[in-house]
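K.L.:
Take a look at this one; I'll ask things after.
The values are calculated or read from the model by the stated rules, or taken from the named source; none is laboratory data. Since the structure is predicted, the reported quantities are computational estimates derived from the model, not experimental observations. Methodologically, a virtual Cβ is constructed for each residue, glycine included, from the backbone with ideal geometry; neighbour enumeration extends over all protein chains shown. SASA here: full protein model, heavy atoms, side chains in, ligands and nucleic acids out. Shrake-Rupley method; radii C 1.70, N 1.55, O 1.52, S 1.80 Å.
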Amino acid sequence: PDNDMCRLRTANSIWWRKGELNVRLPFLENMVTFYNAEFYQAPFDQSTVDDINSWVNYKTDRMIPELLKEIDVNAEMFLINAVAFDAQWAEPYESYQVKSGDFTASDGTVQSADYLCSTESLYISGENAQGFIKCYEGNEYGFAALLPDEDTTPEEFIASLSAESLHKILTNIKSDPITVELPKFSYDYKIELPDTLKDMGMIDAFSPVTADFSNMVEDSGLYIDNVLHKTFIEVNESGTRAAAVTSVQMNRKGELIMPGTEIILNRPFVYAIVDMDFGLPVFIGTVNTLA
């Protein structure tokens, strides 16, 4: 949808260091055909930082004004995806439906909050949680909230979910009247994702040794150095505004230059006793102090 009451936009762009990479034409054609991507050759100086931030700011409807502060000297390419969502409730809240209350944070601290109060009809539940869906204008999108049982933390509930079980929760909707109190909230968030993606099994792409992006560039010298994810969301009486941007920074494999050997153990170090026949450490430790 793309109208004044409900809008969802996605955008993709590819940026590479001018004069450094021979990007393959079929790759660019696929990016334009299937992802409507924009692509830019840029000097990767401060002007490129400004251009990328301006692109992100515009594509997220000014909800994420800045992605980068500087460009790493080793960076050769950025692949950037942006999403912006802006929708009004199908049934907006009136002023009398807003009340003050307390909210208990995960660390136990009690915070003040403004609650949006209503009666909803779309009830959802899982094994350790129950919640509701409140629709946006046009009923094509909805805001789903799931409250875990008191003896279950949100992290534990999330860990118990599979794609199938979450899909079942969000589609097994019952028409029951529900009294809802939803706190107004607004926040932004950022995280670097390499460790998360590696834990999920994406190993080779981050390694200068095993990464293979030869279908993207002719010299096939790229690997993923960092993946940065930033989000913004605001929920209030009128509706919801949310945006996310993900940047994949790709570096070029460099040649390993061996300096003159010098080993000075004048700071904490790791040691091991190694079985030389098998290259197996049978004892390993660290020296953090000599006292």
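K.L.:
Taking every eigenvalue of the Cα gyration tensor of the chain, multiplying by 5 and rooting it, what semi-axes result, largest first, whole Å? Spell out each step's value before the answer.
P.N.:
Working: eigenvalues 378, 176, 72 Å².
The three semi-axes for the chain are 43, 30, 19 Å.
K.L.:
How high is the FRET efficiency from ASN172 to ARG9, r the C-beta distance, R0 30 Å, rounded to 0.05? Intermediate values should be presented prior to the final figure.
P.N.:
Details: r = 30 Å, r/R0 = 0.99.
FRET efficiency, ASN172 to ARG9: 0.50.
K.L.:
Further question on the same structure: Students sometimes get this wrong: rank TYR35, TYR40 by accessible area, probe 1.4 Å, all chains present, largest first. Before the final figure, lay out each step's value.
P.N.:
Details: TYR35 130, TYR40 75 Å².
Heavy-atom accessible area, descending, gives TYR35, TYR40.
K.L.:
How large, in percent, is the carbon and sulfur part of the accessible surface of the chain at a probe radius of 1.4 Å? Numbers along the way, then the final one.
P.N.:
Values: 9720 of 18870 Å².
Carbon and sulfur together cover 51 percent of it.
K.L.:
In the structure shown, do any of LYS59/LYS134; LYS59/LYS198; LYS134/LYS184; LYS18/LYS190; LYS69/LYS198; LYS18/LYS253 have a Cα-Cα gap over 19 Å, and if so which?
P.N.:
Numbers: LYS59/LYS134 26 Å; LYS59/LYS198 28 Å; LYS134/LYS184 14 Å; LYS18/LYS190 28 Å; LYS69/LYS198 25 Å; LYS18/LYS253 17 Å.
Check vs 19 Å cut-off fails for LYS59/LYS134; LYS59/LYS198; LYS18/LYS190; LYS69/LYS198.
K.L.:
Further question: Compute the accessible area per residue over the stretch 40-162, keeping the other protein chains in place, probe 1.4 Å, unit Å². Write down the numbers at each step before the final one.
P.N.:
Working: 7140 Å² over 123 residues.
Here the residues of the stretch 40-162 average 58 Å² of exposed surface.
K.L.:
Between LYS18 and SER54, what is 0.36 nm times their sequence separation minus the Cα-Cα distance? Round to one decimal in nm. Display every interim value, and only then the final one.
P.N.:
Working: separation 36, 0.36 × 36 = 12.96 nm, distance 1.90 nm.
That works out to 11.1 nm of additional length.
K.L.:
Can you compute log10 of I(q)/I(0) for the stretch 55-209 with the Debye formula, treating each Cα as one identical point scatterer, at q = 0.09, 0.11 Å⁻¹?
P.N.:
After summing over all Cα pairs, the log10 values are -0.46, -0.68.
K.L.:
Using the 2.2 N^0.38 Å rule of thumb for compact globular proteins, work out how the stretch 176-254 stacks up: its C-alpha Rg over that value, please. All intermediate terms of the calculation are to be shown ahead of the outcome.
P.N.:
Working: Rg = 19.3 Å, N = 79, 2.2 N^0.38 = 11.6 Å.
Compared with the compact-globule rule of thumb, the stretch 176-254 sits at 1.66.
K.L.:
I would also like to ask the following. For the chain, set up a Gaussian network in which alpha carbons nearer than 10 Å are linked by springs, and say which option among MET77, MET250, MET216 fluctuates the most.
P.N.:
With Cα springs under 10 Å in the chain, the top fluctuation among MET77, MET250, MET216 is at MET216.
K.L.:
For a label point 7 Å from the Cα of GLU156 along Cα→C-beta, name the residues of the stretch 115-131 whose backbone N is under 12 Å from it.
P.N.:
It comes to 128-129, nothing else.
K.L.:
Dividing the convex hull volume of the Cα atoms of the stretch 1-144 by its residue count, what figure in Å³ per residue is obtained?
P.N.:
Working: hull volume 30.3 nm³, N = 144.
Output value, Cα hull per residue: 210 Å³.
K.L.:
Report, as a whole number in µm² per second, the diffusion coefficient that Stokes-Einstein gives for the stretch 1-68 at 25 °C and 0.890 mPa s using the Kirkwood radius over alpha carbon pairs.
P.N.:
So the translational diffusion coefficient is about 181 µm²/s.
K.L.:
Here's something else I'd like to know. With springs only between Cα atoms under 10 Å apart, run a GNM on the chain and tell me which of PRO208, PRO26, PRO92 wobbles the most.
P.N.:
Comparing PRO208, PRO26, PRO92 in a Gaussian network model of the chain, the most mobile one is PRO26.
K.L.:
Something else: Return the single residue from GLY108, GLY138, GLY19 with maximal mean-square fluctuation; model: Gaussian network over the chain, springs between Cα atoms under 10 Å.
P.N.:
Sorting by GNM fluctuation, first place goes to GLY108.
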